[in-house]
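Below is one structure, written out as structure tokens, with a few remarks after it.
Just so you know, all these numbers are worked out from the coordinates, no wet-lab data involved. These numbers were taken from a predicted model, which means no experiment stands behind them. Positions of Cβ are backbone-derived with ideal geometry, glycine not excepted, and every protein chain shown enters the neighbour counts.
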Amino acid sequence: MARSGTPRKFPIMTLRTSFARLAAVLPLMLIAACGGSEQAPTTGGSGASDISETITLYTCVSDTTIQPVIEAFEDDNPGATIDLFRAPTADLNARVAGDVRSGGLQADVIWACDPLTMQDYVAQDLLGGWTPETEVAEELRTEDYVGVAVLYMVAVSAEGVTPPESWSDLTGDAYADGVVVPDPGFAASALGALGYFSQDPDFGIEYYQALKDNGAVQVSAPDDVTTGVAEGVYKAGITNANSAYAAQNAGSPIEIVWPEPGAIAIYGPAALAADAADSDTAKAFLTYIASEEGQTVIAEAGSYPALEGVSGPTIPEDASIVFPDWAALADQKDDLLADYQQIFGA
Amino acid sequence: MAGARYLRGATLGVVTVAAVSVVLTPLLVMARTVWIEGGADVADILTARGLSSAVKNTFLLAVAVTVLAVPLGTALALALRRPNLPGRAFWRVVILLPVLVPDFVLGYSWLRAYGRAGFTDDLLGVHWPGVQTPVGVTVVVVVNAVPLVYLITAVGLAARSEPAMERAARVSGGTALSVLRTITLPLLGPATATAAVLVFVLTLGTFAIPQVMGSPAGFSTITTRIYSNLARSSDPLAFTEAVTLALLLVVIAVLVVAPADALLGPRLRVTRVATTDSTSVAGSRAGGRWAATGIACYSVLAMGLPLLALVATAITRAVGLAPTPENWTLDNFLAVLNARNGEALGRSVMLAAVAASVLVVLGGLVAALERSRSGRGLATLVSLTLVLPGSTLALGLLLAYGRWLGGTLAIILLAYIAKLWAFAHRPISGALDRLPPDELHAARISGAAPLTAMRTVVLRPLAPALLAAWLVCFLTALHEVTMSSLLYGPGSETLAVVVLNSAELGQVGVTSALSVVITLVLLIPALGFWIAIRGLNRGKASLSPVPPVPEPAHVG
């Protein structure tokens, strides 16, 4: 990866905390010394606007997407540096929870993988209050955050199995004892799908009961669904499009369909931390990732962009797309999950 | 003797400070968080739908794994003690292989080996439907725990066995079984007890295997519920629930471990003269062959096929393709072995080495202190952080120290120490009571300086235990990912974090390649250590005052 050449090593930290941290680290200097000995980068570069700070970004977006985005932004804004913390949603949320209870959120920008997480943070006044000017469609943003990438939940089917045309096909005899679904208690995207089905009167939570009655099985993550179907363990399953196309492009024997009434769109929103309201760099980064230029980088890195007109990974021409009602889902999610676990639990 | 008192005081001081810092403070901070934020909700959390079955599953899993893994690991250690066992050196290394593989990878490898469309299914048309049920989870957690039991028991044998007495019994006409029952096993008591406690606690807190393998059967444990809550912990209620459930695990651990430590520990200890010769009575050749066959079968089924399946996954271009040459690729390995990861690997090795070294010292100190009244309870205390799933322990440390150490290697080091203290302490504890205090006194009276006395009298017989403890901590820390991936910051990414950041946990190809690379990277130092341990044992055997007795001609 091209970033490997950048000489950014420990200790790099925001100025406000560097002394406290350094003092605490002193007894462990042995270790710190081995991590590198370079000085923190000088801040305050040239340029009219003040886009030259070091900001911290927390995200659950995969490295393959986030690294090119950071690289492009730093190239455009000499002096600006982005310290990245990337982790799966559960770890990311735990880190935020830990931060908030021990001195405050360390991130200046959070790029989450689902709107539910964002809604919670906005409700706690940790994030929001500002969004960049953007062309991103209204259903993918609020006044506190803006969608910058989208996950689509699609169906995959194994070699030799007729691909399903609609989500409801999965409850039919053709897929008896052969459907696999991701666990909404484990993966936020699966929770989004659960939310959509439960809200659509044509499905409801009964859809999951019908799947279960048809012999469906749950696994942890969407990737496990893709793997299981590719291996022929299951006939068909619900997974995210990125995982499915990545496997198919590598040669896995699977078919990918965007079933009726539509692939379920789960957008990844980004927002400004309340404590970073004055940071021009953080605002510039958000503006960049929601702009056509930033969206193009995101799309080229393999994620689905949020901005219409930017060409990204495969979307079939006739594909329809549906959106869960996220605001409603916020209040329903605990009960929904408990209902789901009644069905798919032991 | 004032010096001894100072030494003891200083030791107690160091251990207390460490235990308060890495164990008590995180736990108390977590309890305080629940108290402040959740007060009224705790009753609701503890009566939530499905929790009782998760608690039951967790407890039964821990009991089942302990009951199965302890005899199995002990049997392996006893079998591998026979000097006439064919291929003994080889099997000793093979038994430890699961320590080299992160537990979620072990889970995957079993699914790939025995599941539907897995290795045996492709090859022979048979698969094990039970692999994705609670039974499968139990079996794989057992396989994961056996090396620990083996290690503790082997070290216990090295330090505590009485080969002279065993030989005398055999020569006097005792059967192999009665020697085992009346001499060998009773002497192993402390090691067995310590292994059982460790396995129990470890299983209470195990997360990845139940999550990976138990999901299709809807098998939930306290740890899988904790993870599910952490996934939604942007909601303060879910966060409180995660922390409350983690503390529930700690309470369960206290309820079981504290009585076990208090009752078993002192009772199983015996004061004995020190002789060090770990080889047993040889036994018959046929017996050796049977034992070797048994070990070979276990190794092939529990590790050989799953690891082969893992390698096949790592070199295959895409999941679902046959692992045949036209589908082979090195891409997964290249993803692991790029320059950025090299830096992270160096950092991981260094961090694991520092953690293991600190842990051996701390583990040894606790083992020494718990022998006196004032030190009792310490053993239980330092086991409490082992029961916390990695993500929760990391969270506790972040709550306690995040404002000062957030994102540094220091906080990751603290996490490793907190998580693995019991790993270091228990093997040493199982071996320590062979040290007769008289010898230390004798050395001092004869004019040895304190350090010399320590080195020659205390450390030498303990060397196998110390090395084993170091090794298991080092290896476990090296592929640790749960805590590091929550705690890292710029410049403190470990290898597992970097690799798994570029490929989500579900991408089995890259994850398998990571395990294969770590296994290969480790086999070399592991072999070095094994040779060192063997050398130490040899050295002691040659010093042994008891000459080896020829095999008895008749064998019962």
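The order of A:D91, B:D331, going from fewest to most other C-beta atoms within 10 Å of their C-beta, is B:D331, A:D91.
Net charge of the neighbourhood of A:T131, taken over other residues with C-beta under 13 Å away and scored Lys/Arg +1, Asp/Glu -1, is -3. Rounded to the nearest whole Hz, the Karplus-based 3J(HN,Hα) values (6.51 cos²θ - 1.76 cosθ + 1.60, θ = phi - 60°) of the stretch B:69-80 follow the sequence 6, 5, x, 5, x, 5, 4, 4, 5, 5, 5, 6, with x at glycine and proline. Since only B:G396, B:L527, B:V155 are under comparison, the one whose Cα sits farthest along the positive direction of the charge dipole of chain B, derived from C-beta charges on Lys, Arg, Asp and Glu, is B:V155. How many nm separate the modelled label positions at A:E293 and A:I321, each set 7 Å beyond the Cα in the direction of the Cβ? Placing both labels 7 Å beyond Cα along the Cβ direction yields 2.4 nm.
Simple spin-label estimate for A:E139 and B:R181 gives 7.5 nm between the two label positions (7 Å along the Cα-to-Cβ direction from each Cα). What the Kirkwood sum gives for the stretch B:140-192 is a hydrodynamic radius of 12.0 Å, with every pair of different alpha carbons counted. Amide H contacts of A:G147 (H built 1.01 Å from N, in plane; Pro and chain starts excluded): A:R141, A:T142, A:A270 sit under 5 Å, all sequence-distant by 5 or more or on other chains. For the stretch B:121-268, a simple Cβ point-charge model (Lys and Arg +1, Asp and Glu -1, everything else neutral) yields a dipole of about 480 debye relative to the Cα centre. The dipole here belongs to chain B: it is taken about the Cα centre, uses +1 on the Cβ of Lys and Arg and -1 on the Cβ of Asp and Glu, and is about 1700 debye.
Given the rule -39500 (n - 2.57) for each run of at least 4 DSSP H residues, summed and divided by the residues of chain A, what is its mean residue ellipticity at 222 nm, to the nearest 500 deg cm²/dmol?
For chain A, the value works out to -11000 deg cm²/dmol.
Going from the residue with the fewest nearby Cβ atoms within 10 Å to the one with the most, B:W470, A:W130, B:W421 rank A:W130, B:W470, B:W421. Under the criterion of Cα pairs below 8 Å and six or more residues apart, the relative contact order for chain A equals 23 percent.
Calculated [222 nm] ellipticity per residue, helices only, for chain B: -22500 deg cm²/dmol; basis is -39500 (n - 2.57) per DSSP H run with n ≥ 4, divided by all residues, nearest 500. Here's the picture: charge each Lys and Arg Cβ at +1 and each Asp and Glu Cβ at -1 in the protein assembly as shown, and of B:L187, B:L381, B:L405 the one pushed furthest to the positive end of that dipole is B:L187. B:L399 sits among other residues whose Cβ lies under 14 Å from its own Cβ, and their net charge, with Lys and Arg +1 and Asp and Glu -1, is +2. A cut-off under 10 angstrom between Cβ atoms defines the neighbours of B:W128, and their net charge, with Lys, Arg +1 and Asp, Glu -1, is 0. So if we plug the beta-carbon distance of B:R32 and B:S52 into 1/(1 + (r/R0)^6) with R0 = 30 Å, what FRET efficiency do we get, rounded to 0.05? That pair, B:R32 with B:S52, gives E of 0.70. Among A:T226, B:T293, A:T171, B:T182, a tally of other beta-carbon atoms within 10 Å of each Cβ gives an order, fewest to most, of B:T293, B:T182, A:T171, A:T226. What the Cα convex hull of the stretch B:14-543 gives, in volume per residue, is 156 Å³. The HN-Hα couplings worked out from phi for the stretch B:201-211 by the Karplus form 6.51 cos²θ - 1.76 cosθ + 1.60 (θ = phi - 60°) are 5, 4, 6, 3, x, 6, 10, 5, 5, x, 5 Hz, whole numbers, x standing for Gly and Pro. When you restrict to C-alpha pairs under 8 Å that are six or more residues apart and normalise by the size of the stretch A:86-172, the relative contact order lands at 14 percent. Using θ = phi - 60° in the Karplus curve 6.51 cos²θ - 1.76 cosθ + 1.60, the 3J(HN,Hα) couplings for the stretch B:323-330 round to x, 9, x, 5, 9, 6, 8, 9 Hz; x is entered for Gly and Pro. Think of the stretch B:350-479 as having a plus end and a minus end, set by charges on the Cβ of Lys, Arg, Asp and Glu; of B:T456, B:F474, B:L414, B:L414 sits farthest toward the positive end of this dipole.
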